[in-house]
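> Got a structure for you, written out below as C-alpha cells; questions coming shortly.
The values are calculated or read from the model by the stated rules, or taken from the named source; none is laboratory data. No experiment lies behind these values; they were computed from the predicted model shown. No Cβ is skipped: glycine too gets one built from the backbone with ideal geometry, and neighbour counts run over all protein chains shown. The area values use the complete protein model at the heavy-atom level, side chains included, leaving out ligands, DNA and RNA. Shrake-Rupley method; radii C 1.70, N 1.55, O 1.52, S 1.80 Å.
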Amino acid sequence: MSTPPQDGTRRTVVTGIGVVAPGGPTRDTFWELLVDGRTATRPITFFDATGFRSRIAAEVDLDIRAAGLTAHEIARTDRFAQFAMIAADEAVADSGLDLTADGGVDGVDHDRLSVSLGSAVGATMRLEDEYVQVSDSGKDWVVDPAYGSRFLHQVLLPSSAAAELAVRYRAHGPASVMSTGCTSGLDAVGYASQLVEDGDADVVIAGAADAPISPISVACFDAIRATSARNDSPASASRPFDATRDGFVMGEGGAVLVLEEYSHAKARGAHVYCEVSGFANRSNAFHMTGLRPDGTEMSAAIDDVLRQGRFDPSAVDYVNAHGSGTKQNDRHETAAVKRSLGHHAHATPMSSIKSMVGHSLGAIGSIELAACALAIEHGVVPPTANLENPDPECDLDYVPKTARDTRLDVVLSVGSGFGGFQSAVVMNSLRARS
C-alpha cells in the first residue's frame, strides 16, 4: 500500500468521463447535443401523464442490455443504478485504468480505490412499482409481502448503486452515498476530490444518477408548481433566465468521473481532462424550497472554492449555472455570481445545460461537471437553449442558443437544492497551474 504524502501536495485530476443523458446516452453524443444546442424534452412516455399539470420530461433513450448490463444486473437494480453502472463503465474505460489488475502500470491498489455516488431520490421508479405490487387497494392498502420482489431490499436502499459499483470494481476504499437533493452530484464529486487530496484514496469512481420520471415524483413537483406546464411546446419548455420561464423540466440520467491523484495519473501517462481544485457547500438554513434573494450562501461557497484553488475571481472563464428555470433560482444565482465575481461577472459567460437535458435532480450536478470537463478539453462554452427574452433581473452573459469557442482554464460550477443546500466546484486546466 502506498503512503500518501502529508504535505498538502496531492492534487485531484479527472482522467475518465462517462455520461448517460437525455438525447445523449454516451459521453460523445451528450457533448454533441450540447454543442449543437439541441433539446431532449418531449411528452412523458413512461406512464400516462394525462392528469398531471406538467406532462413533459427529458427521457433517456437507451437499450440497457445493449449498453452492456447482464440480465441479472437489470433484474436486481433500478434504472438509476443501471445509469450509474453504464456511466461508470464508460468512465473507467476512458481512463485507461485496468481495474481487473492489482497494481501495475495501468492498475490500481484496490485498497485505495473508492466510490462516491450521489442520488436525490434513488430507486423511485422501481420502488413505486413494488409498492403497487405488494399493496391491495381493495383492502385499505394492506401490504402482502408475498408479492414483493426478492430484490426489494436493494430497491429500498439508496446505497444500492454505490454498492454495485464497489463490487463491480473491487473498490475496498471508502464508499459513500450523498443525498443532498439537487446538489448530490456536485457533493459526491467534491467529497471524492477531498478523499484524494487527504490521502484516503488514489482513485475514486465519483458521480451521481437519478431516474425520477415516475408518477410520484411528477406529482411532487406539480404540487408546488416547480415544473414547467409548457406541454404544447416541449422543446422550448426549459428556458432558464428567460422572462417567460415557468419552471424546470424533469430529466433523468447519470454521469461518473474517474478522479485520480495527479502523480498517480502522470506515472501511467494518463490523459488528464482537468483538475478539481476546490469544493464547498453551504446551507441557507432558511426554507425547504425558498432562497434568499441576495445569494449569500451560494456566494460564500463560490468564495471558498476560489480560495481553495488559489484563483482570483477575475480568473474565472466560465460559470456553469444551476439554471433550473424557476423564477427565484435564476435570480438567486445571478445575484450570487455578481456578489462573488464583482465587475468580472458581466464579462464571464454563464450558461445552463438544463435547457437541453432537463433537471435530473441529484444526477444533474455530476452531468454538469462532465460538461465542464469537456468544455475545458474542447474550448467550448455550451449554450443556454431557448433564451429569447432575458429577465431584466438576470443581466449576465448567458450564452443564448449558440455554443461559443473560447479558451477555458478556470471553470466554476454551482448548484442549489431543496433544503437550502448550496454547492460549488471549481475545475481548471493543467495550463492554469503552469
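> What is the distance in Å between the Cα centroid of region 159-180 and that of region 382-405?
Taking the Cα centre of each part, region 159-180 and region 382-405 sit 37 Å apart.
> For region 314-402, what class follows from the C-alpha gyration tensor (a ≥ b ≥ c being the square roots of its eigenvalues): rounded when a/c is under 1.5, otherwise prolate if a/b is larger than b/c, else oblate?
Rounded is the answer for region 314-402, as its axis ratio a/c remains below 1.5.
> Give me the Debye-computed log₁₀ of I(q)/I(0) at q = 0.20, 0.24 Å⁻¹ for region 231-280, equal point scatterers on Cα only, no solvent, two decimals.
Listed by q, the Debye log ratios stand at -0.79, -0.95.
> Which chymotrypsin sites (Phe, Trp or Tyr not before Pro) from region 238-301 combine a DSSP loop assignment with at most 14 other Cβ atoms within 10 Å?
Details: sites: PHE241, PHE248, TYR262, TYR273, PHE279, PHE286; in loops: PHE241, TYR273, PHE286.
The qualifying sites are PHE286.
> Do any trypsin sites (Lys or Arg not before Pro) in region 381-434 lie in a loop, going by DSSP, with at most 14 other beta-carbon atoms within 10 Å of their beta carbon, and if so which?
LYS401, ARG407
> Also: Tell me, which longest segment in the chain has none of the GluC sites (Glu not before Pro) that fall in DSSP loops with at most 16 further Cβ atoms within 10 Å?
Values: sites that count: GLU388, GLU393.
Counting only loop sites that pass the neighbour cut-off, the longest clear stretch is 1-387.
> Might you work out the accessible area of HIS264 for me, using a 1.4 Å probe with all protein chains in place, and round it to the nearest 10 Å²?
Rounded to the nearest 10, that gives 50 Å².
> Identify the trypsin sites (Lys or Arg not before Pro) of region 44-129 meeting these criteria: DSSP loop state and at most 12 other C-beta atoms within 10 Å of the C-beta.
Values: sites: ARG53, ARG55, ARG65, ARG76, ARG79, ARG112, ARG126; in loops: ARG53, ARG55, ARG65.
Answer by residue number: ARG65.
> If you place +1 on the Cβ of every Lys and Arg and -1 on the Cβ of every Asp and Glu, how big does the dipole about the Cα centre of region 198-242 come out, in debye to the nearest 20?
The dipole magnitude comes to about 440 debye.
> Of the listed values (i) 31, 29, 18; (ii) 30, 26, 23; (iii) 40, 27, 24, grab the one calculated as semi-axes √(5λ) of the Cα gyration tensor in Å from the structure here.
Among (i) 31, 29, 18; (ii) 30, 26, 23; (iii) 40, 27, 24, the one calculated here is (i).
> Oh, and also: Roughly to the nearest percent, how much of the accessible area of the chain is carbon and sulfur, given a 1.4 Å probe? Provide the component values of the computation, followed by the final result.
Working: 8480 of 16100 Å².
Reported share for carbon and sulfur atoms: 53 percent.
> Of the candidates ILE216, ILE353, ILE205, which one comes out as most mobile in a Gaussian network treatment of the chain with C-alpha springs shorter than 10 Å?
Comparing ILE216, ILE353, ILE205 in a Gaussian network model of the chain, the most mobile one is ILE216.
> Taking the Cβ of ALA235 as the center, what net charge do the other residues with Cβ under 10 Å away carry, scoring Lys and Arg +1 and Asp and Glu -1? All intermediate terms of the calculation are to be shown ahead of the outcome.
Numbers: positive: ARG38, ARG42, ARG230; negative: none.
Summing Lys and Arg as +1 and Asp and Glu as -1 gives +3.
> What is the magnitude of the charge dipole of region 304-364 about its Cα centre, with +1 placed on the Cβ of each Lys and Arg, -1 on the Cβ of each Asp and Glu, and no other charges, expressed in debye to the nearest 20? Walk me through the numbers before you get to the answer.
Working: 7 positive and 5 negative charges, 30 e Å.
Magnitude of the dipole: close to 140 debye.
> For the chain, give the magnitude of the charge dipole about the Cα centre (Cβ charges: +1 Lys/Arg, -1 Asp/Glu; no others), in debye to the nearest 20. Show your work: numbers first, answer last.
Working: 36 positive and 56 negative charges, 117 e Å.
Its charge dipole is roughly 560 debye.
> Which whole-number value in Å² is the accessible area per residue of the chain, probe 1.4 Å? Could the numbers behind the result be given before it?
On the way: 16100 Å² over 434 residues.
Heavy-atom SASA per residue in the chain reads 37 Å².
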